[in-house]
Structures are given as structure tokens and as C-alpha cells.
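The values are calculated or read from the model by the stated rules, or taken from the named source; none is laboratory data. The structure displayed is predicted, hence computed values, not measured ones. Reconstructed Cβ throughout: ideal geometry from the backbone, glycine too, with neighbour counts over all protein chains shown.
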Amino acid sequence: MGDSGLNVFFENFLKKESLFLEKKVLQNSFIPEKLPHREEQINQLAHILAPALKQERPSNVFIYGMTGTGKTVTVRYTTQELHKVATGRNIPLEIIYINCKINRTADTEYRLIAELSISLGRMVPPTGLPTKEIYTHFKAALANKGKNIIIILDEIDHLLTKAGDNTLYNLLRINDENLSNHVSIIGISNDLNLIEAIDPRVKSSLSQEEMIFPTYNALQLQDILRQRIESSFKGGAVEPLP
């Protein structure tokens, strides 16, 4: 296809009416305004995290469930709403989301702490510093922000396999050293037996609450698909679900 042919193709493409109202609704990262059939889990997580609004440290939480049970979107939805309230009331709170499997972010303890530091506005090299020094940068970033931090570690089993559970221990020890800022962790995993493999010393430091997400049934999946179709496609573009 020559230049003129491409020009015609692109012009014709622009003339075609899109099937979509909002294509982003179909992306994995999209957070809908409502989460059907996860009200119980949202309320449970909200009760765990609510102390952050009083500048208290929420409990650490480990969330388990099979792939496709709404773990990540429930956590992101709940923490997004929490952050909205905190921002509206000038409550110092920062939410950091990290997928431990993407871009090898959590392959080493160094990479994770560097990523957290960068998320807090502290520019650090991706490699090259002693681990103790990268923690110094992270603590400085915490102090500079002056906020309590909730860290969401999605696919946390990847972090534990690659970097070891000592990373969690070192991260949470910051709470013993720093009285002005708190760090809480939300870990998300498909492995229901994950916590059993963690060192007892680390488990004691975590003192985590646990949530298990059940699988959706067929009718619930239909509701979710119907919601996404109505939000993303124009009327008549997709045959209605029964």
C-alpha cells in the first residue's frame, strides 16, 4: 500500500462510526464506578483501612483468590475512594500500587525499595547503591512526604519468590524507627497457601488480616459482562446478554 493508499485508508477509517462509547472500560486497569457482587469484600477492606483517615496505621492485609475473582479491582476501588476522602479533608495519606511481576519491579529488594522511593518523588538509580543506602533514600522520601503510606503489592508471591520474605520484614521495621509516618501493606496473591511459606519472624511482624475472594458464579459473571458492555459499547453494537 503506497502513500496515497495509506492516506485513503486513514481517511476512510476516520469516517467510520466507532462501536465504542468508552473503550478504556475494557482494559484491565479500568476501575468502574460500581463493583457488582463484591460489596461484602469492599466493606470488609474499608473497615480495615479506615483508621488511616484518623492518621492511625491500618492493619496489613493479605488478599487471596483465584485469577479473575476481582481482588485487584476491589483493592484499587476501595483505596481510590479512601484516598478521595483523605484528599478532600487534607488528611496526609499516600497510596502506592505496584505489580510485583511487571517490569521485574520486585525481582530484588533493591528494585522494590527504589521503585517505592521514586513513587514518593525521590530520584534514585535503579541499581548501584548499597541496600542500606536505598533504604535511607526511602525513609527520607517518607519524611519529606509527611504522609502515611499504604503499599499495594499485587502478585506479592513473585516478590517473595524472587527477593525473599526478609524484604517485607525490613520494610515494616520502618514503623519501629519512624513515629511520624506509618507503612501498611496490602498483599494480593492467587496462592492461598502463601502465608504458610513465610518465615515466622516475618509473619509476627506482619500481624496481617486475611481475606479470601470466592469465585463468581455464572449469573454474577453475566451481571459483570452486562455492566461492561453497557458502559463500553454503543447501543446495538453487541447482542444483548440473556
What is the residue count in the range 27-56 for residues that are surrounded by 15 or more Cβ atoms within 10 Å (Cβ to Cβ) and among the basic types (K, R)? 1
Just for the range 64-81: of the residues that are loosely packed, with under 15 Cβ neighbours inside 10 Å and of a type in the set (S, T, N, Q), which one is modelled with the highest pLDDT? Q80
Inspect the range 57-78 for any residue being under 27 Å from E196 (Cβ atoms), in contact (Cβ under 8 Å) with a residue 40 or more places away in the chain, in a helix (DSSP H, G or I) and in contact with a Gly (Cβ under 8 Å, 6 or more places away or on another chain) and give the result as yes or no. yes
Kindly evaluate L26 against the criterion of being touching a strand residue (DSSP E or B) at 6+ places or on another chain (Cβ under 9 Å), outside the structural domain of N166 (by TED's automatic domain parsing) and not small (G, A, S). yes
Can you tell me how many residues within the range 172-198 are of a type in the set (A, V, I, L, M, F, W, C), at pLDDT below 90 and either surrounded by 16 or more Cβ atoms within 10 Å (Cβ to Cβ) or over 30 Å from N144 (Cα atoms) (or both)? 7
Would you mind finding the one in K101, K84, K132 that is buried (at least 16 other Cβ atoms within 10 Å of the Cβ) and among the basic types (K, R)? K101
Can you tell me which residue is farthest from L225 (Cα to Cα) among those in the range 11-26 that are exposed (fewer than 10 other Cβ atoms within 10 Å of the Cβ) and not charged (D, E, K, R)? N12
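Listed here are the residues, each with its yes/no results for (1) farther than 28 Å from H47 by Cβ; (2) of a type in the set (D, E); (3) assigned by TED's automatic domain parsing to the domain that holds N90; (4) within 19 Å of the chain's Cα centre (by Cα).
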| site | (1), (2), (3), (4) |
| --- | --- |
| P130 | yes, no, yes, no |
| I149 | no, no, yes, yes |
| D154 | no, yes, yes, yes |
| R173 | no, no, yes, no |
| D176 | no, yes, yes, no |
| V183 | no, no, yes, yes |
| L194 | no, no, yes, yes |
| A197 | no, no, yes, no |
| M211 | no, no, yes, yes |
